[in-house]
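Enquirer: Here it is, the structure in full.
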Amino acid sequence: MSLTSTFQNSKALICAFGLLALASAARADSTDIVVVYPKPGQTIGATDSTFILGHLSDKLVKLIARAAAGKAPKPVLKINGTTVPVHKGGGFLAFLPIDTGDFIFHLKVTGSGKHAALTALAELDLPVRVPVPLKLVSPDTLRIVGDYRPPQGDIALSTGDRLDVQFHGMPGGVAWFSIPGVIDSVPMSEDNPIVGAPSGEAVFGPGSENESMIIGGIYSGFWFIPAGAKVSGQTICYHLCKSAGGSNGKEAGKCITAMSQYRISLNPPQFPFTVRFIDSMQTVRVGPKYGYYSIFQPRGVTALAVGSEADWYRIKLSATQYGWVAKASVEQLSPGLFPPQSILSSIRALDSARSVTLVFPLQGQHPYRVIEHSPRQLAVQLFGVTSNTDWIRYAASDSLIRYCNWRQVEDDLYELTVNLNRDIWGYDCYYDGNDFCMKIVKRPGNIHSIKGKTIVVDAGHSADPGSIGPTGFTEAEANLGIALALRKSLEARGAMVVMTRNDMSNVALYDRPGIAKQAGADMFVSVHNNSLPDGLNPFTNNGTSVIYYHNWSADLARHILSELLLATRLPDHGLYWGNLAVNRPTQYPAVLVECDFMILPEREALLKTKTYQTRLGEAIARGIDAFFRTYADAR
């Protein structure tokens, strides 16, 4: 053996023993591998694959740096046997297959080369829970799995309401449901097999169908509650029988039963009763936890509760219109009190420098809904109001409102349509005593210049960190850096900037629109950075995006997105309509900007730098400036 080869072998052994010594220390230190997401014991919102992110300790990062300089073997990170790249800053991100049930991510850092097997530097087992998806029951197995898409909890229904019932069981059977003591047999039919993509995949991914989600054996039935039906806290009984045409003729006609996991009450004596809204940010929904029917109902409005589901009341708004409110957001009034009924005789417009206000004199405070038909047409619906409208008085100095039309849509539903000469900038609805007021905001003066405009810049999150990058850098920190850069760029253009926060102090989510309203904002821009729902591949679904809610904010969103794409060269992750709290206020154009993706190690590293924060802030400012510069006079 030559002296050279002896020296090389000795050097290799020294490196190997050095790595073994480091491995011994690493195993004793639980922070050598830090998993940011998912958390131990977390239930994953995916069933076949998902992402995992985190970082290695400073000790291992230094070893990576030495390896890059050729001074040590390069450590290798494997998760469940798959080699995962590690960023020079220590961050890692992987998208890996998972199995349903109790699942473990096994993370292991080793040396490289022929000594890899001897150099386990750090190991970590991360247990998670992967839900078992609904699976097709064998057509030869007579089985009822249970409820399918059940209500949120126990329900209360009244005469004329429709009870919808679904359960999952063996396909190809004969099914019905019964309510003991009320009705013996309500027929049910098997639906066509259901196939679709998870909601996250449909919106933020490619939207492809997942064959593993094909489900058969879903039975549906319905029943309208008759006047004489009464029961309290009863379960529904499901019945399923083998059909005569089944593959196992010997079992034809064999039946089984199962009970629902929720209970129903029919025509309960406590309903109906009047409730009063006690939450200043009250929202009426189309169903329990479902989409919004009407937003920003003022405190003090009353409505008639006629049913319930779990923690929600169903309220009757007019002859055919119903909504849902959270039980915790209302108070029950004394028996015998009925929501106010108003006769509307006249409407008057009051003009001012920044707005024109329509005043509806009523005899109480009613639920309302505003429908944004087009950029130049709004309709306001008042529930519990009947028309005797003989007069609508316009303001001679006002050039914004073109004309108004009213109609009685049905009993207890009055509608006024407002046609405008220019595009909507915003509006605000409120009660002044029993007068319902709809203030329509005029566009700012000198519309083609950003100079003098009051722009509220919101650095998203604070005490709530938002998304977290692989090394633990929080979205709240990134958002603040970009928001401060945006403020500087806007002020350089002559805008008056109001910040919802200037540091890491906490600002509650619903206080942020309040800051904008108090400041008399002309515009609201919320700065954020992105992550993804479980199950989506972050390596193929990422980029920059902008979200709006009201139609008059869409052009602002487009301008900002265009400038961000030019400045970053990131993928176009989309222009979205999105139901987000900071975008819902109606008084001004508002958007939420998702600048970049926190969970990608290289993007997180960039977001930490002042240079990149400034680039993003200036791009958003250019988008805002372009929105004003190109705002058409005709609008």
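The values are calculated or read from the model by the stated rules, or taken from the named source; none is laboratory data. Computed from a predicted model, the values in this text were never measured in an experiment. Note that each Cβ is placed from the backbone with ideal geometry, even for glycine, and that neighbours are counted across all protein chains shown. These area figures cover heavy atoms from the full protein model, side chains too; ligands, DNA and RNA do not enter into them. Shrake-Rupley method; radii C 1.70, N 1.55, O 1.52, S 1.80 Å.
Enquirer: Treating only the Cβ of Lys, Arg, Asp and Glu as charged (+1, +1, -1, -1), what charge dipole size does the chain show about its Cα centre? Round to the nearest 20 debye.
Expert: Values: 58 positive and 55 negative charges, 317 e Å.
About 1520 debye.
Enquirer: Could you calculate, for the stretch 259-386, the ratio of the Cα radius of gyration to the Kirkwood radius, expressed as Rg to Rh? Let's see the in-between values first.
Expert: On the way: Rg = 16.6 Å, Rh = 16.2 Å.
Ratio of gyration radius to Kirkwood radius for the stretch 259-386: 1.02.
Enquirer: Under a point spin-label approximation (7 Å from Cα along Cα-to-Cβ), what is the Ser352-Val370 distance to one decimal in nm?
Expert: Between Ser352 and Val370, the simple spin-label model gives 1.5 nm.
Enquirer: If I stretch the segment between Phe539 and Arg66 completely, what's the gain in nm (0.36 nm per residue apart, minus their alpha carbon distance), one decimal? Before the final figure, lay out the partial values.
Expert: Values: separation 473, 0.36 × 473 = 170.28 nm, distance 2.78 nm.
My answer for the length gained is 167.5 nm.
Enquirer: What does DSSP give for the chain in terms of the percent of beta bridges that are antiparallel, rounded to the nearest 5? Please list the in-between numbers first.
Expert: Values: 126 of 156 bridges.
Just about 80 percent of them are antiparallel.
Enquirer: So what is the relative contact order for the stretch 246-369, in percent, with contacts set as C-alpha pairs under 8 Å and at least six apart?
Expert: On the way: 207 pairs, mean separation 28.1, N = 124.
Computed over the stretch 246-369, the figure is 23 percent.
Enquirer: Carbon and sulfur: what percent of the chain's accessible surface (1.4 Å probe)? Walk me through the numbers on the way to the answer.
Expert: On the way: 15130 of 28640 Å².
So the carbon and sulfur contribution to the accessible surface is 53 percent.
Enquirer: Still on this structure, please answer the following. Note the direction-averaged projected area, equal to a quarter of the hull surface, for the Cα convex hull of the stretch 285-358, in nm². Each step should come with its number before you reach the end.
Expert: On the way: hull surface 28.9 nm².
Result: 7.2 nm².
Enquirer: With the other protein chains left in place, how much accessible area per residue, in square angstrom, belongs to the stretch 395-486 at a 1.4 angstrom probe? Don't skip to the answer; put the middle values down first.
Expert: Details: 3260 Å² over 92 residues.
Accessible surface, normalised per residue, equals 35 Å².
Enquirer: Using a Förster distance of 25 Å, how high is the FRET efficiency between Cys437 and Ser334, based on the Cβ-Cβ distance and rounded to 0.05?
Expert: Numbers: r = 29 Å, r/R0 = 1.14.
Approximately 0.30, to the nearest 0.05.
Enquirer: Once label points are set 7 Å from the Cα along Cα→Cβ at both Ser449 and Ser399, what is their separation, rounded to one decimal in nm?
Expert: 1.9 nm
Enquirer: In addition: Lys327: which lysines have alpha carbons under 18 Å from its alpha carbon, excluding same-chain residues fewer than 8 sequence positions away?
Expert: Answer for Lys327, where 18 Å is the Cα cut-off: Lys289, Lys316, listed by chain and number.
Enquirer: Between Ser112 and Leu570, take the C-beta separation as r, use R0 = 22 Å, and let me know the FRET efficiency to the nearest 0.05. Please report the intermediate quantities before stating the final value.
Expert: Numbers: r = 32 Å, r/R0 = 1.47.
With a Förster radius of 22 Å, E is 0.10.
Enquirer: Would you mind putting 519-528, 265-274 in packing order, based on average other-beta-carbon counts within 10 Å, highest first?
Expert: Working: 519-528: 24.1, 265-274: 16.3.
Ranking, from highest mean packing down: 519-528, 265-274.
Enquirer: Looking at this model, which pairs from Lys59/Lys610; Lys39/Lys135; Lys62/Lys88 are more than 18 angstrom apart at the alpha-carbon? Mind dumping the intermediate values first?
Expert: Working: Lys59/Lys610 26 Å; Lys39/Lys135 27 Å; Lys62/Lys88 9 Å.
Distance filter (> 18 Å) returns Lys59/Lys610; Lys39/Lys135.
Enquirer: Around Ala516, what is the net charge, scoring Lys/Arg as +1 and Asp/Glu as -1 over all other residues with Cβ under 14 Å from its Cβ? Numbers along the way, then the final one.
Expert: Working: positive: Lys453, Arg501, Arg512, Lys517, Arg584; negative: Asp428, Asp458, Asp511, Asp522.
The answer is +1.
Enquirer: Tally Lys and Arg at +1 and Asp and Glu at -1 over the other residues with C-beta under 9 Å from the C-beta of His448: what net charge comes out? Show your work: numbers first, answer last.
Expert: Working: positive: Arg629; negative: Asp633.
Within the 9 Å Cβ shell, the charges total 0.
Enquirer: Another one. For the chain, what is the mean residue ellipticity at 222 nm derived from helices alone (per DSSP H run of n ≥ 4: -39500 (n - 2.57); sum divided by total residues; nearest 500 deg cm²/dmol)?
Expert: Values: 8 runs with 112 residues, N = 635.
When only DSSP H runs of four or more count, the value is -5500 deg cm²/dmol.
Enquirer: Another question, if that's okay. From the C-alpha coordinates alone, can you work out the Kirkwood hydrodynamic radius of the chain, in Å? Don't skip to the answer; put the middle values down first.
Expert: Details: mean 1/r = 0.0343 Å⁻¹.
By the Kirkwood definition, the hydrodynamic radius is 29.2 Å.
Enquirer: Next question, about the same structure. When ligands, DNA and RNA are left out and all protein chains stay put, how many square angstrom of accessible area per residue does the stretch 579-635 have with a 1.4 Å probe?
Expert: In whole numbers, the stretch 579-635 has 31 Å² accessible per residue.
Enquirer: Right, next: Take every Cα pair under 8 Å in the stretch 476-635 that's 6+ residues apart, average their separations, divide by the length, and report that relative contact order as a whole percent. If you can, show how the numbers build up before the last one.
Expert: Values: 241 pairs, mean separation 52.5, N = 160.
Computed value for the stretch 476-635: 33 percent relative contact order.
Enquirer: Over the chain, what is the mean sequence separation of C-alpha contacts under 8 Å (at least six apart), divided by residue count, expressed as relative contact order in percent?
Expert: On the way: 1499 pairs, mean separation 64.5, N = 635.
Relative contact order, the chain: 10 percent.
Enquirer: Going toward the positive end of the dipole of the chain, with +1 on Lys and Arg Cβ and -1 on Asp and Glu Cβ, which of Ser178, Leu400, Ala567 do you reach last?
Expert: The residue sitting most towards the positive pole is Ala567.
Enquirer: Write out the trypsin sites (Lys or Arg not before Pro) in the stretch 42-93 meeting two conditions: DSSP loop, and at most 16 other Cβ atoms within 10 Å of their Cβ. Don't skip to the answer; put the middle values down first.
Expert: Details: sites: Lys59, Lys62, Arg66, Lys71, Lys78, Lys88; in loops: Lys71, Lys88.
Taking the stretch 42-93 and a limit of 16 other Cβ atoms within 10 Å, the loop trypsin sites (Lys or Arg not before Pro) found are Lys71, Lys88.
Enquirer: Could you tell me which of rounded, prolate or oblate describes the stretch 47-89, using a ≥ b ≥ c as the square roots of the eigenvalues of the alpha-carbon gyration tensor, with rounded for a/c under 1.5 and, failing that, prolate when a/b is larger than b/c and oblate otherwise?
Expert: Details: a/c = 3.37, a/b = 2.20, b/c = 1.54.
It is prolate, given that a/c is not under 1.5 and a/b is the larger ratio.
Enquirer: Sort the stretch 485-585 into rounded, prolate or oblate with this rule: let a ≥ b ≥ c be the square roots of the eigenvalues of the Cα gyration tensor; rounded if a/c is under 1.5, and if a/c is not under 1.5, prolate when a/b is larger than b/c, oblate otherwise.
Expert: prolate
Enquirer: While we're on this one: From Cα coordinates alone, what are the radius of gyration and Dmax values for the stretch 391-529 in angstrom?
Expert: 20.0, 65
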